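To keep things clear, I will list the structure first and then write my remarks on it.
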Amino acid sequence: MKQDQSSCGYKYLFGPVASRRLGLSLGVDMIPAKVCSLNCVYCESGATTRATLERREYIPTEAIIGELDTYLRDRPPLDVVTFSGAGEPTLHSGIGRVIEFIKKQYPDYRVALLTNATLFPDAAVRAELLALNLVIPSLDAADDAILSVVNRPTAGVSAAAMIEGLVAFRRESKTSMWLEIFIVPGINDAEDHLERLREAALRIAPDRVQLNTLDRPGPEPWVVPADRAALDRIASLLQPLPVEIIARKPASSTAMVMGCAESLNDRIVSLVRRRPCTVADLVAGLGASADVVNETVRKLQQRKVLTAEPRERGVFFRLTTPR
Ligand code: SF4
């Protein structure tokens, strides 16, 4: 078993990253950057460039399966393989085949999906996801008025249909579900709206409800994070749901020291292309030493590959020119 395998050299795999929720996670990115059915005001990956609900084979399914087969063949130590990235994974019409491939060829790995739930009203999409171990859908709005402000959906998306789709998936599957609610202060945190979200979440009956808030610079400068007291208040309003506040914690000690040191540049670019990161985020995600990451980031800044953006939590780095 290799102890130092990383996804450098792969086009559709990224990490593994030490995820604060999932442990050591290999990312699978099946969608070109910012092809999405939503354009959330807090999106860490920036503004949506192609808003669509159309399911297509945006990237050849066989190419994704080929990369996974090559990567997983040596049984690298991972906690989970996670469909995520800078777009909505369920827009890819081959996601069911890729899940099936992993579960059949590499059944020891847990498989998770981060999704905006906009395609859950479609029974055919839900059927493709039944073999997942874990789904983490987002639900920030109980009605279309709030949805239109927080998530700015493309035509054809409705909050009621998303909720019904999630209720149906819970009924149809044995997949664990952690429902994520992203709090945008002043928009979706009023008590009457939270009460409607609570009612919706009680119907969905997820295993966990996770409260999240702005952590990295998003596309809209007016979006600010909810403070801890506000999140505590919201958590108590959502009782008796199993609510947890997703707080930033130090990286897991399971973060592997990955090989492929000569391509640390590429791995840093690969991570910040998906979302802005501080040096601490990069150290945690890459399992590399702070000195090495600092030095590599400094050089990338000198070459104008990375741009620094000071924020409350620290200095975030993003690509100067999105790729
Ligand atoms: S946060 Fe997710 S669902 Fe929202 S715009 Fe970004 S990629 Fe799409």
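Quick notes on this one:
- Distant-in-sequence amide H partners of Thr115 (H built 1.01 Å from N, under 5 Å): Ile136, Ser138
- Lys, Arg +1 and Asp, Glu -1 on Cβ, resulting dipole of the chain about Cα centre, debye, nearest 20: 700 debye
- The chymotrypsin sites (Phe, Trp or Tyr not before Pro) found in region 162-229 that occupy coil by DSSP, while having at most 14 further C-beta atoms within 10 Å, are Trp222.
- Taking GluC sites (Glu not before Pro) across region 32-97, the ones in a DSSP loop with at most 12 further Cβ atoms lying within 10 angstrom of their Cβ are Glu54.
- Whole-Hz Karplus values for region 24-29 come out as 7, 10, 8, x, 10, 10 Hz, taken residue by residue from phi with 6.51 cos²θ - 1.76 cosθ + 1.60 and θ = phi - 60°; glycine and proline positions read x.
- Long-range amide H partners of Met30 with built H, under 5 Å: Ser84
- Signed unit charges on C-beta, dipole axis of the chain, positive-most listed residue Leu147, Pro219, Ile102: Ile102
- Amide hydrogen proximity for Cys277: with H placed 1.01 Å from N in the peptide plane, the residues at 5 or more positions away or on another chain lying under 5 Å are Phe317.
- Karplus 3J(HN,Hα) series, Hz, for region 31-47 with 6.51 cos²θ - 1.76 cosθ + 1.60 (x for Gly, Pro): 10, x, 3, 6, 8, 7, 7, 10, 9, 5, 5, 10, 4, 5, 9, x, 6
Every number here is computed from the coordinates shown, using simple stated rules; none is lab data. Because the structure is a prediction, the values reported are computed rather than measured. In this analysis, Cβ positions are derived from the backbone assuming ideal geometry, glycine residues included, and neighbour counts consider all displayed protein chains.
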